[in-house]
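*Asks:* Below are the structure tokens for one structure; questions will follow.
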Amino acid sequence: MLESSVAYELVLRGVAIGALATAAVGFWRVSAGKPVGFSALMLGVSAIAHVLENSRAFSAQLGAGYAAVNLISLGATGFVWLFVVTLFSDRRIGPRTLAPVVGLVALGLTAFSSGMRPIWFIHKACEAGLALHALSIVLRTWRGDLVEARLRIRVPFVAIVALYALLMAGVQIFGLQLPARDLINAGALAALSLAGAVVFLRAPRELLGAVKLPDTPTAEAVDRLTIDNLNRAMDVDELWRSEGLTIGALADAIGVPEHRLRPVINGHLGFRNFAAFINARRIEAAKRLLTDPAKGRVTVAAIAYDLGFGSLGPFNRAFKEATGITPSEYRRRGPQAAEGKASPNS
């Protein structure tokens, strides 16, 4: 009976590895050159290492390679988090986005090499924290997402990945011993990996790019009217100055259904999330105000509030994401800042 259980477990883990490799390589090929492509590939590699390392049957066969596999698997939850922030928040990969992954691996390596249980416990707590943050990103960016394909997959797939990471961290932290734990874990991994392969190999281009709207005379006329109303609301009424503006409120203001406004902003204007669409207007206005000599006595905070930001922190982050420097630095550089081409660093 035991040998049969081990055989089933190995088959399930083999299925998981094949699905993970297929999904990671396929996604990376479609998204070559994009941050999410790198994070998807690294997530696939670290997830495969986790599948191997998490099985006592596989671990016994790894021999000297176990240490390398274990090292890679230490960053699995970190790469889940990195994948979430690059796919759903459209974040670039830089020191700030890589730091949690590197820190998690370093902490896990320290715990693994020293054998100190408190450090191991902190590592698992950090994994749980990153998984919770990934879940919060999935939920927080839901309403403002303009890409229909991302809207369809965010809850059924990414939430399951984060919850699985939380479950495994809880099992390891509290030492839960479940009957046939390895077999159950293998089955969960196989199901999750197959689901990921199906989702990401069916519509990877839609996840990464703008929606192609129906090319019909009626649809074109509706879209043109919507764009005219949208431009009037943004350029004349300057609704982007409203603090807490949502896509639902904007849709009501211009008299179109929200589900129609999303693909128009995404497909015609090229924005993947509503915050980026609104902040593009706000940042351009901020640049003009910061380099206007007549506004030299106006504080950066006052400019942020006037442009619709609820506090200075989000304004600073959005401005640096767009320009590569802070608003204060942009003001100090004066006209040269407007001419420069600073590289954003997230």
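*Asks:* Looking at segment 34-104, what helices (runs of 4 or more DSSP H) fall wholly within it and have at least 2 residues that are crowded, with 24+ Cβ neighbours inside 10 Å? If you could, list the steps in order and put the result at the bottom.
*Replies:* On the way: elements: 35-53, 56-62, 66-73, 76-88.
Fully inside segment 34-104 and qualifying: 35-53, 76-88.
*Asks:* So which residues in segment 124-159 are assigned to a helix (DSSP H, G or I) and acidic (Asp, Glu), if there are any at all?
*Replies:* Going through segment 124-159, the residues assigned to a helix (DSSP H, G or I) turn out to be 124-140, 148-159.
Once the filter is applied, which keeps residues that are assigned to a helix (DSSP H, G or I) and acidic (Asp, Glu), segment 124-159 yields 127, 148.
*Asks:* Scan segment 105-124 for residues that are surrounded by fewer than 18 Cβ atoms within 10 Å (Cβ to Cβ) and free of Cβ contacts under 8 Å to residues at least 40 places away in the same chain and jot them down. Show your work before the answer.
*Replies:* Quick first cut of segment 105-124, residues surrounded by fewer than 18 Cβ atoms within 10 Å (Cβ to Cβ) only: 106, 109-110, 112-119, 121-122.
If the condition is that a residue be surrounded by fewer than 18 Cβ atoms within 10 Å (Cβ to Cβ) and free of Cβ contacts under 8 Å to residues at least 40 places away in the same chain, then 106, 109, 110, 113, 114, 115, 116, 117, 118, 119, 122 are the ones that fit.
*Asks:* Is there a residue in segment 314-333 that is more than 29 Å from the chain's Cα centre (by Cα), at pLDDT below 90 and more than 21 Å from residue 240 (Cα to Cα)? I'd like the intermediate steps shown before the answer.
*Replies:* First, the residues of segment 314-333 that are more than 29 Å from the chain's Cα centre (by Cα): 331-333.
Filter once more, keeping what is at pLDDT below 90: 332-333.
Add one more test, that the residue is more than 21 Å from residue 240 (Cα to Cα), and what stays is 332-333.
Yes - at least one qualifying residue is present in segment 314-333.
*Asks:* Count, please, the residues in segment 306-322 that happen to be touching a residue at least 24 places away in the same chain (Cβ under 8 Å), out of contact with any helix residue (DSSP H, G or I) (no Cβ under 6 Å at 6 or more places or on another chain) and surrounded by 14 or more Cβ atoms within 10 Å (Cβ to Cβ). Step through it out loud before you land on a result.
*Replies:* First, the residues of segment 306-322 that are touching a residue at least 24 places away in the same chain (Cβ under 8 Å): 306-310, 315, 318-322.
Of the ones still in play, those that are also out of contact with any helix residue (DSSP H, G or I) (no Cβ under 6 Å at 6 or more places or on another chain) are 306, 310, 320-321.
Within this subset, residues satisfying the condition of being surrounded by 14 or more Cβ atoms within 10 Å (Cβ to Cβ) are 306, 320-321.
So the answer is 3.
*Asks:* Still on this structure, I have one more. Can you tell me which residue in segment 106-129 is farthest from the chain's Cα centre (by Cα), limited to those that are at pLDDT below 90 and among the aliphatic types (A, V, I, L, M)?
*Replies:* 116
*Asks:* Please tell me if residue 21 is touching a Gly at 6+ places or on another chain (Cβ under 8 Å) and in the same structural domain as residue 104 (by TED's automatic domain parsing).
*Replies:* On the way: touching a Gly at 6+ places or on another chain (Cβ under 8 Å): yes; in the same structural domain as residue 104 (by TED's automatic domain parsing): yes.
Yes: the conditions hold for residue 21.
The values are calculated or read from the model by the stated rules, or taken from the named source; none is laboratory data. Just so it is clear, the structure is predicted and the values come from calculations on it, not from any experiment. Quick reminder, even Gly has a Cβ in these numbers, built from the backbone with ideal geometry, and neighbours come from all protein chains shown.
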